[in-house]
Amino acid sequence: MTRKTRIRAALVTATALVTAATVTAGVSAAGAEAPKKPSKKQIAALFDGWNAALQTGDPEKVADRYAKDAVLLPTLSNKVRTDRAGIVDYMEHFLENKPVGKKIETHINVLDGNSALDSGVYEFTLTDPATGKKRAVEARYTYEYEKRGGQWLIVNHHSSAMPEG
């Protein structure tokens, strides 16, 4: 191996080591910082924001919590909602019952700086608009969140009443 070849090999090795160390430190080879992972507490707070949007009674405010291409598999409807209009339509009907959500069990998995899952069981207290009678609906849920344009949005939301309830 000539001196020139050894130097070239040493430079390639050094470049690879610097790149690996940089990526491990959370910085890409291009120099851009990798997004910082949110805490589980921060992800849990996204539900609180969604629940607060429910309390406004405004289906548009609730729909603002969802990405444009979100999928909603709702608790009280068999129809899959795949666009904003569908989500607003569902929320118009759901909000008539003045829902108040409360988490019973939650499991959060932060995947990276731009995505997280929140799954578990929650309960909604619903009020019949005609009689004022309250009832509780326990359901399992999964929220898939993505950070888009600096904002955390729901990209998939599955909620189904407990089958044994």
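The values are calculated or read from the model by the stated rules, or taken from the named source; none is laboratory data. As the structure is a prediction and not an experimental result, all values here were calculated from the model. Using ideal geometry, Cβ is built from the backbone for each residue, glycine included, and neighbour counts are taken over all protein chains shown. Only protein heavy atoms, including side chains, enter the accessible area calculation; ligands, DNA and RNA are left aside. Shrake-Rupley method; radii C 1.70, N 1.55, O 1.52, S 1.80 Å.
Quick notes on this one:
- Across segment 108-129, the qualifying residues are those that are open to solvent by 20 Å² or more (accessible area, probe 1.4 Å), closer than 19 Å to TYR90 by Cα and not charged (D, E, K, R), and the one among them that is modelled with the lowest pLDDT is PRO129.
- Test: GLU105 is closer than 20 Å to LYS41 by Cα, modelled with pLDDT of 95 or more and open to solvent by 70 Å² or more (accessible area, probe 1.4 Å): yes
- Test: residue in segment 143-154 that is surrounded by 14 or more Cβ atoms within 10 Å (Cβ to Cβ), modelled with pLDDT of 95 or more and on the phi > 0 side of the Ramachandran plot: no
- Residues of segment 130-142 classified as under 19 Å from GLY57 (Cβ atoms) and open to solvent by less than 50 Å² (accessible area, probe 1.4 Å), total: 2
- Scan segment 34-76 for residues that are polar (S, T, N, Q) and open to solvent by 30 Å² or more (accessible area, probe 1.4 Å) and the total you get is 4.
- Consider segment 47-84 and keep the residues that are of a type in the set (A, V, I, L, M, F, W, C) and part of a loop (DSSP other than H, G, I, E, B). The one that is modelled with the lowest pLDDT is LEU76.
- The single condition from (1) free of Cβ contacts under 8 Å to residues at least 24 places away in the same chain; (2) under 19 Å from the mean Cα position of the chain (by Cα); (3) open to solvent by less than 80 Å² (accessible area, probe 1.4 Å) that ARG84 fails is (3).
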